[in-house]
Each structure stands twice: as structure tokens, then as C-alpha cells.
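Laboratory data are not the source of any read-out in this text; all were calculated from the coordinates shown. These figures come from a predicted structure and were not determined experimentally. Note that each Cβ is placed from the backbone with ideal geometry, even for glycine, and that neighbours are counted across all protein chains shown.
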């Protein structure tokens with residue numbers, strides 16, 4: 001805005017200087033300076049007051065100084081601004097040079113030199129300007145825009161043809177850092193070249209090329225209707241750009257409030273977009289040997305090669321292939337994915353994703369973009385996966401057996417994910433059922449998940465061997481109801497684990513007794529005589545169980561029975577008889593997790609009475 005406000009008095013000053021110098025008589029050397037003062041000026045862009053123009057005429061080259069107080073139209077306060085040329089020369093007709101120039105304002109410091117030309121070309125008026133910035137700096141009060149030690153060259157040229165202008169521009173940003181919310185450019189080396197036409201009705205960019213250092217080039221042409229700023233036509237395309245440099249410079253700032261704001265990328269990408277009368281007509285994205293990895297470990301895809309075309313008028317085939325990757329630390333095998341894009345709808349009859357030597361099969365895939373949001377549904381099934389491989393991938397203790405799953409129709413709409421039916425898992429020779437699963441804003445900063453889980457007839461022997469918990473023989477049931485996770489952290493649930501009903505062998509080892517005791521807190525103890533512990537490694541029990549009612553960070557704990565002192569975790573039966581008591585009714589969720597970790601790490605040192 002400063003440049004627009006100063007522009008008018010600057011041109012007036014140049015005109016006055018020219019007229020004055022031309023009109024000076026031979027003895028004009030007696031005049032050493034000229035000063036012009038203007039009380040107030042107004043323009044659509046803002047106001048200026050206390051304007052003072054000083055022209056120094058000492059020596060062979062005059063100097064120019066302009067000072068004023070300015071107030072842009074959007075501002076409420078006045079600020080001081082200045083424009084000066086140490087040397088203002090007119091080497092030939094129609095040419096002016098401002099040497100040692102400086103533009104100053106409250107948050108602007110802009111050393112520059114400027115050459116301005118005006119001449120006739122075949123009867124048409126042509127103007128050109130060359131501006132050289134030298135370590136300029138600027139900022140705004142809100143801190144959303146700032147530059148430091150910015151140096152570069154700007155060339156502009158305009159030729160008037162009847163009622164229109166033909167123009168060219170070349171901006172060579174050579175060095176300096178700039179923050180322009182949300183983008184940050186740590187150094188220069190970027191360049192923009194453009195040419196086109198301008199009239200009161202139309203702005204046409206015939207050719208434009210933006211080159212970003214270490215990234216690549218973008219080409220563009222467009223036609224804008226100026227009365228309504230409507231896009232009549234737009235074409236944007238890139239050559240192969242480097243994703244490793246593009247992501248931190250351009251993509252990360254745009255994705256800052258999404259789950260894709262912490263990626264590391266490599267490889268190349270090519271992009272093309274065409275619009276007509278304000279609407280998108282076609283699109284093409286190609287990826288070549290791209291690596292995409294989430295730094296937090298949520299997912300990764302390696303050596304991605306993709307062709308993703310789109311057309312408003314015609315259906316297009318989409319292909320995407322990758323050589324490997326991981327999802328939540330589960331390794332993904334090589335895959336080839338094919339789908340069809342038909343305007344705003346995507347369909348795929350079946351997609352097979354190799355995972356842990358098995359396959360996740362996704363079917364009935366359908367997605368549509370409507371009301372500015374994605375809506376989609378799919379079904380899935382997981383072939384039996386080795387639990388040993390599964391637990392190793394997640395960094396868990398080694399599990400035995402296999403896990404398989406059937407996932408019913410999953411629907412995503414209005415940023416909410418729901419399941420139409422129960423998700424079934426076969427695990428530890430028993431089953432796990434997840435019901436009423438729903439997730440709000442799964443790709444947002446704080447996703448919220450709700451649902452219920454039921455465990456039936458899990459083999460306690462296989463489960464306890466997995467975690468070096470000590471041996472427990474028997475069957476285990478359980479549930480987690482009213483589960484609520486916010487940003488993947490539990491804040492609410494009602495959970496219980498307890499021995500399955502029925503007749504089966506029920507044995508518990510001394511080591512398991514010690515570990516279960518530790519879960520009840522520092523005061524937990526096994527109610528059994530020390531002499532018995534010296535002779536028996538295994539004990540009988542009639543039932544066992546532990547439950548937790550979590551609200552916020554506080555877990556209210558219980559067992560299979562209540563006692564005046566606490567609750568029963570393991571109720572003994574037969575000879576030798578053993579009972580494990582818990583005494584801490586309330587414990588923080590973090591502390592309970594620490595206890596479980598100490599148990600599974602084998603560092604528990606319980607007190608046995």
C-alpha cells in the first residue's frame with residue numbers, strides 16, 4: 001500500500017523536476033534547492049499529509065527527497081514514510097535514473113536503484129523500469145509477513161496498444177529470507193517470468209514460469225475477467241519437481257492443521273490442472289519413485305509410482321503401485337491398485353494389500369465428493385496373519401497363533417467413520433468382537449474414537465506365555481464398553497477381564513500370583529502361608545478378574561468380589577488355596593500403565609504375605 005500511496009506524489013515530483021530543469025536559465029546555478037509542500041492528499045488506497053518534496057541542485061546530479069505521513073485505507077493510525085534518491089539523473093530523453101535510493105516506513109527499509117524509460121515504438125508508447133533491491137527488510141504489525149536482507153532485480157515493461165497494454169515482468173529474487181504466512185523461504189534463488197495483456201475488462205497472463213530453487217518450475221497461463229475477478233481460463237502445470245524440497249517449502253505449510261503435517265518425502269512429482277469459466281475441467285498427478293513417510297511412524301509408502309488422472313467429462317483409470325511400506329508399524333508388501341474416477345466418484349471392485357505375509361482384501365470401494373466433503377464406504381477381510389510376526393512388528397512380546405478378521409461395511413460421511421455391523425477377530429484361540437465403532441475427524445488434529453469390545457474364551461495359557469506373565473491355565477472373557485479415545489488416548493471406558501464360565505483346568509503359577517498382586521498396588525498381597533510357597537509352584541483358583549472404570553485419568557478398580565479392605569483379584573479353591581487381593585481402589589491411568597509395563601518387563605518386586 002505504501003508504494004501505491006507514494007506513487008502519485010513521486011510522479012508529480014519527477015514531472016516538476018523535469019520542467020524545472022528544462023526551464024532554468026543559464027544562471028540557474030544560483031538556485032541550490034527546490035522544496036514543495038502539500039498539506040494533504042487523498043486516494044482510494046489511503047491518505048497522505050504533511051507531504052514535503054526536496055530537490056537538491058548542487059553539483060551536476062540533483063538529489064530527491066520525499067517525506068510524508070501516510071495512512072492506508074485499512075488502517076486507523078498515521079505513520080511516517082520517506083522516499084529518497086541520492087542522485088537523480090536524466091542521461092537521455094525519456095530516461096530517469098534514481099541512484100542510491102531508499103524507501104522507508106514504520107516497518108520497511110528498502111535500499112534500491114531504479115531506471116525508468118519512456119519512448120515511442122512505432123507510434124505506441126512504451127514504458128520500462130528496472131528496480132534493484134539491496135538487502136531490503138519489511139514486516140507487518142501482525143507478524144504474518146516479514147523479510148530480511150532481501151536482494152533482487154525486478155524488470156517490468158509495458159507497451160500500450162489502443163485500449164490495452166502488453167506487458168512483461170521478470171522478478172529475480174537472489175537472496176534474503178521471507179516469511180509470508182504460512183510459507184517460509186529461508187533463502188533466495190527463486191524467479192518469476194511472465195508476460196501478457198491488460199485492459200480494464202481483462203487481465204491475461206499468456207506465459208508465466210515460477211522457478212523455486214531446488215524444487216523445480218511451474219508454468220501457468222490464465223485469463224481473468226476484471227469486473228468480477230472470474231477465471232475464464234486457467235492452465236497450471238509443473239515439470240518433475242523434487243518432493244524432498246517441495247514438501248517443507250510448500251506442502252507442509254498448507255497441511256499444518258491435518259494429520260499430514262509431519263511427513264518426509266522424496267522422489268518426483270508432476271502436476272497439471274485446467275479450469276474453464278471457474279470450474280475444474282481436468283487434472284493429472286504423476287508420482288515417480290516417491291517415498292512418503294510419516295515421522296511419527298503412523299504410515300509409510302516407498303517407491304510409489306502413480307498415475308492419477310481426472311476429467312470432468314470422461315471417466316479415467318487410476319493406477320497406483322508401491323514396493324513396500326508400513327501402516328502403524330505393520331509392514332506392507334508390494335501392491336498394485338487400480339480404480340476408476342468418474343467425475344466426482346471413485347470405485348474399485350477389489351483391492352488386495354499384502355501385509356505380514358497375508359493379505360488385507362478391501363472390496364465394495366465407493367467414494368464420492370459431494371457438498372465439499374468426501375463420503376465413502378468399503379468392506380474388508382484379513383486373511384490369517386501370524387501373531388508372532390504381528391507382535392514383532394508392533395514391538396510387543398511374542399504372541400503365538402494366528403489372527404484373522406472380518407470387517408463389515410465401513411462408512412465415512414461428514415467427517416465421521418462408522419461400521420455397519422461387528423468387526424470380528426480370531427485371536428488366542430478365542431474371539432474378539434468390536435461393535436458400535438465410530439470415529440470423528442479421523443484425519444484431524446484430535447480424532448475421537450468410540451466403541452465397545454468383547455472378548456470370549458481367550459486361552460489364558462497362550463496369553464500369559466506371550467507376556468512372560470507367569471503361567472495361568474484357563475479361559476478368559478472380558479469387555480470394554482463406552483470406550484472413548486481422544487487423539488488416541490483413552491479418556492473413558494468401563495472394562496473388565498474375568499475367567500470364563502464353565503468347567504476347565506484352572507491353575508496359576510507363583511510367578512503369575514506375584515505379577516497379579518503388583519497390579520493391585522503396593523499393598524497387594526497373596527493371602528497364603530509362606531511355607532506353602534516354598535513347596536508349590538502352581539495353585540488352584542475358582543475364578544479371577546480385574547476391572548477398571550476410567551473417567552478422565554482416574555481408574556476406579558475392582559475384582560471378582562469386594563472385601564472390607566479392597567477387592568479379590570484371584571479367588572482360591574482346593575489345596576493349596578490362594579487368594580490375591582487388591583487394595584488400591586483408585587489409581588491414575590498413567591500409574592496403572594506403569595504397573596503393567598513393569599510386570600511385562602519382568603521387574604516386579606511384589607510384597608507376598
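By the beta-carbon count within 10 Å of each Cβ, the least crowded to most crowded order of 293, 484, fewest first, is 484, 293. Relative to the longest principal axis of the Cα atoms of the chain, the long axis of helix 2-23 makes an angle of roughly 20 degrees.
Compared with the dominant Cα axis of the chain, that is its longest principal axis, helix 510-519 is turned about 50°.
Each of 78, 488, 167 was scored by other Cβ atoms within 10 Å of its Cβ. Arranged with the fewest first, they read 488, 78, 167. Relative to the dominant Cα principal axis of the chain, helix 589-601 is inclined by about 60°.
The alpha carbon radius of gyration of the range 107-205, expressed as a multiple of 2.2 N^0.38 Å, is 1.29. So how far, in whole Å, is the C-alpha centre of the range 391-448 from the one of the range 101-137? Rounded to whole Å, the Cα centres lie 63 Å apart. Taking only the alpha carbons of the chain, we obtain Rg and Dmax values of 37.1, 129 Å in that order. Packing order of peptides 225-233, 414-422, 238-246, highest average first: 238-246, 414-422, 225-233 (average count of other Cβ atoms within 10 Å over each peptide's residues).
With a Cα-only, solvent-free Debye model of the range 200-318, what are the log10 I(q)/I(0) values at q = 0.17, 0.19, 0.23 Å⁻¹? Taking Cα atoms of the range 200-318 as identical point scatterers yields -0.99, -1.12, -1.28.
In terms of its C-alpha gyration tensor, the range 243-392 has an oblate overall shape, because the principal axis ratio a/c (a ≥ b ≥ c, square roots of the eigenvalues) is not below 1.5 and a/b does not outweigh b/c. Sorting 121-127, 135-141, 383-389 by average packing, meaning the other beta carbons within 10 Å per residue, from highest down gives 383-389, 135-141, 121-127. Over the chain, dividing the summed -39,500 (n - 2.57) contributions of all DSSP H runs of at least 4 residues by the number of residues returns a 222 nm mean residue ellipticity of -3000 deg cm²/dmol.
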